[in-house]
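S.K.: One structure, as structure tokens, below. Some questions next.
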Amino acid sequence: MEYLPIFIQIKNQPCLVVGGGSIAARKVALLRKAQANVTVVSPDLCAELVSLKTQGLIQHCAREFENTDLDTCVAVIAATNQRQVNESVSELAKQLRLPVNVVDNPDLCSFIMPSIIDRSPVVIAVSTGGSSPVLARLIRTKLEGSIPAAYGHLAKLVEGFREKVKTAFPNVESRRGFWENILEGKVAELVFTGHEEEAKRVLDKAIEKQAENPEMPGEVFLVGAGPGDPDLLTFRALRLMQQADVVVYDRLVSPAIMEMVRRDAEIVYVGKERDKHTMQQENINQLLVRLASEGKRVLRLKGGDPFIFGRGGEEIEELAQEGIAFQVVPGITAANGCSAYAGIPLTHRDYAQSCVFVTGHLKDGSVDLNWKALAHPHQTVVFYMGLHGAPTLCKEMVAHGLPASTPVALVEQGTTPQQRVLIATLDTLLEVIKNEDIKPPTLIIVGEVVTLHDKLSWLEEHHVENTDGVFAYRNQGTSD
């Protein structure tokens, strides 16, 4: 993040605009909307600024810019068509530590003007850091269509009840939970449909009811974060990620997804690696119970789907036993996400009529599977956490009837920008793992559907060395 997004209070404060053309007029309009006292320095003014001057809505200095113009202002915008003047304004303002914006010159700015969605008192700013104002405007347009104008009325209604809610609720967590229920429920709908007086009555009753029992009950949200790409999150997952007071997350939850959780939430890492457990599963279960018992909304965020090799069942068993409320939000499991991003359909009428998901190691660390049931020629088998057990996997699948030439795909860090897809066979898999230095998390896909990768891979292919923000692929065939 190259810019810190902040909102500056400039109401009744002196602000300077250098330049008198149409671009300067647009900046003057924004400053006036924020109720600033605006002075324009320019030998000439466009018609719009002349009108504002005539109405006494701006001050005008009919001359070229002078250094002393900066002596009394709290912010300055340079909007002339003379680069030398703009540079001079920028340099002097920075020396005086004044916020300065130079139109269409991000390098000369200490702050930039975003695209604005005004639902006062709700204000949303969209910025690309000056790299593409057009893109910022396009994003603003998309957001405007999904944010009702009545959100401003809702914010004003809430403002009038803040002190009453503070009195009724003893702590921050309970107030936060109350407001989230209100802002996503009947009160908000009444405001959106123009029934503001009724909304006030409903809100008053809700405060009185909650004041009788102000402690908000705790709850656990068991949420599947998917295989890594944040675009694969569900809407419900995103909503709950923004409501949680505490986030308890695993190693397989990608940094990009963690960026989307509530900023002020307490973060607890409980990730597990082979022979290195930050916290034992039994302790995680107890942690969830304890946090929810304290009245907190706990987001238990897991990579993939919490009910597919995610131990979600173990966790909610304990929650149910302790009488803790919980919700479960499914996620796209690694097998679906990684195979799709690798261009490998898990089933196909010509290659595989069934698909099996198995874990590469059991609770005691062993690899003891029903190999006879897995080694079918018209079946796809997806191994989770299978790298350590790969020697056993190759040996037993061949021993139970699969040809050594059966195709195998390794999908490392699937659906993320660091994704690698390597193609091998059962008799070359161990060599590929060793030579390519494959690391977890890696999914192993066994079956004839793997042969479709070259044909169906739909993401742009790059050399594996080019992993800075792009998807990376390499095919590794049988040994020469």
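The values are calculated or read from the model by the stated rules, or taken from the named source; none is laboratory data. Note that the coordinates shown come from a computational prediction; the quantities given were computed from them, not determined experimentally. Positions of Cβ are generated from backbone atoms using ideal geometry, with glycine treated the same way; all protein chains shown enter the neighbour counts.
S.K.: Scan region 1-54 for residues that are touching a Ser or Thr at 6+ places or on another chain (Cβ under 8 Å) and modelled with pLDDT under 95 and report the count.
M.R.: Final tally of qualifying residues: 2.
S.K.: Next question, about the same structure. State yes or no: is residue 51 in the same structural domain as residue 22 (by TED's automatic domain parsing) and farther than 14 Å from residue 19 by Cβ? Steps first, answer last, please.
M.R.: On the way: in the same structural domain as residue 22 (by TED's automatic domain parsing): yes; farther than 14 Å from residue 19 by Cβ: yes.
Judged against the criteria, residue 51 is a match.
S.K.: Same structure again: Filter region 84-97 for residues that are buried (at least 20 other Cβ atoms within 10 Å of the Cβ) and hydrophobic (A, V, I, L, M, F, W, C); which is nearest to residue 25 (Cα to Cα)?
M.R.: For region 84-97, the residue satisfying everything is 89.
Let's see how each residue does on (1) more than 38 Å from the chain's Cα centre (by Cα); (2) at pLDDT 95 or above:
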| position | (1), (2) |
| --- | --- |
| 368 | yes, no |
| 382 | no, yes |
| 389 | no, no |
| 397 | yes, yes |
| 402 | yes, yes |
| 408 | no, yes |
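S.K.: Quick check on this structure: which one of 186, 166, 209 is exposed (fewer than 13 other Cβ atoms within 10 Å of the Cβ), modelled with pLDDT under 90, out of contact with any Lys or Arg (no Cβ under 8 Å at 6 or more places or on another chain) and not aliphatic (A, V, I, L, M)?
M.R.: Within the list 186, 166, 209, the selection yields 209.
S.K.: Against the condition closer than 24 Å to residue 243 by Cβ, of a type in the set (Lys, Arg), part of a helix (DSSP H, G or I) and under 22 Å from the mean Cα position of the chain (by Cα), how does residue 162 come out, does it pass?
M.R.: Criteria not met by residue 162.
S.K.: A further question on this structure: Does residue 128 meet the test of being without any contact (Cβ under 8 Å) to a residue 24 or more places away in the chain, touching a helix residue (DSSP H, G or I) at 6+ places or on another chain (Cβ under 7 Å) and on the phi < 0 side of the Ramachandran plot?
M.R.: Answer is yes for this residue.
S.K.: Contact list please: Cβ distance under 8 Å, first residue in region 229-258 and touching a residue at least 60 places away in the same chain (Cβ under 8 Å), second residue assigned to a helix (DSSP H, G or I) and basic (Lys, Arg), pairs at least six apart or on different chains.
M.R.: Close Cβ pairs (under 8 Å, with a partner that is assigned to a helix (DSSP H, G or I) and basic (Lys, Arg)) amount to 245/176.
S.K.: Right, next: Hey, among 114, 106, which residue is at pLDDT below 95, under 26 Å from residue 128 (Cβ atoms) and surrounded by fewer than 17 Cβ atoms within 10 Å (Cβ to Cβ)?
M.R.: None of the other options fit; the residue is 106.
S.K.: Would region 205-215 turn up any residue that is in contact (Cβ under 8 Å) with a residue 60 or more places away in the chain, over 25 Å from the mean Cα position of the chain (by Cα) and part of a loop (DSSP other than H, G, I, E, B)?
M.R.: First, pick out the residues of region 205-215 that are in contact (Cβ under 8 Å) with a residue 60 or more places away in the chain: 215.
Filter again for over 25 Å from the mean Cα position of the chain (by Cα), leaving 215.
From what is left, the residues that are part of a loop (DSSP other than H, G, I, E, B) are 215.
Taking every residue of region 205-215 in turn, at least one turns out to be in contact (Cβ under 8 Å) with a residue 60 or more places away in the chain, over 25 Å from the mean Cα position of the chain (by Cα) and part of a loop (DSSP other than H, G, I, E, B).
S.K.: Would you mind telling me which numbered condition in (1) surrounded by 12 or more Cβ atoms within 10 Å (Cβ to Cβ); (2) within 39 Å of the chain's Cα centre (by Cα) residue 9 fails?
M.R.: (1)
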